[in-house]
Amino acid sequence: MFRVVYNCSLVSLVVALLCFNFEWLQMRINTGWVFFGSWFLGSFLVGWLVQQGKIRLSRSVTLGNFFLCLAISWLVLGRNSLPVVPAALIREGLQQTTLSFRLINVGLISWLLGGLGLSLIQRNV
């Protein structure tokens, strides 16, 4: 199930980044909630589909998802905004504006790389 949660976190972050990039939407809703809400709902839905045997999340799917989400994030945000916007989304979603971007980025990078490593050593589901 870890692979389900990890893959859904990647896709949810991209969805939230796309919402953040849409200025009209960003001014009206908390795009951090989009990240956490889509992560929760996506994990529930994909987890249910995996349990039903309708989909499989292999190592190659996780690796492909990681690089695809990274490429989309890079294209949408650009090199200069990539270290700031995901941290701002997470901080906004947690409603913890006192947390530094550096601290959030350390946690996010640890999650992304550590999660990728754990997903690659986990048996296929």
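At a glance:
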item	result
Of all residues in the range 64-81 being in a loop (DSSP other than H, G, I, E, B) and of a type in the set (S, T, N, Q), the one that is least open to solvent (accessible area, probe 1.4 Å)	SER81
Subset tally (residues that are assigned to a helix (DSSP H, G or I) and open to solvent by 90 Å² or more (accessible area, probe 1.4 Å)) for the range 37-58	7
Residues located in the range 14-29, provided they are touching a helix residue (DSSP H, G or I) at 6+ places or on another chain (Cβ under 6 Å) and in contact (Cβ under 8 Å) with a residue 24 or more places away in the chain	VAL14, ALA16, LEU17, PHE20, ASN21
Close pairs (8 angstrom Cβ cut-off, 6 or more residues apart or separate chains): under 16 Å from GLU23 (Cα atoms) in the range 73-85, loosely packed, with under 15 Cβ neighbours inside 10 Å anywhere	VAL76/ASN21; LEU77/ASN21
Some residue of the range 6-14 being within 24 Å of GLN96 (Cβ to Cβ), assigned to a loop (DSSP other than H, G, I, E, B) and open to solvent by 20 Å² or more (accessible area, probe 1.4 Å)	no
Hits in the range 82-125 (condition: of a type in the set (Val, Ile, Thr) and either buried (at least 18 other Cβ atoms within 10 Å of the Cβ) or assigned to a helix (DSSP H, G or I) (or both))	VAL85, ILE90, ILE104, VAL106, ILE109, ILE121
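The values are calculated or read from the model by the stated rules, or taken from the named source; none is laboratory data. All of these numbers come straight from a predicted model, not from anything done at the bench. FYI the Cβ positions are ideal-geometry reconstructions off the backbone, even for glycines, and counts take in every protein chain you see. The accessibility values were calculated without ligands, DNA or RNA, using every heavy atom of the protein model including side chains. Shrake-Rupley method; radii C 1.70, N 1.55, O 1.52, S 1.80 Å.
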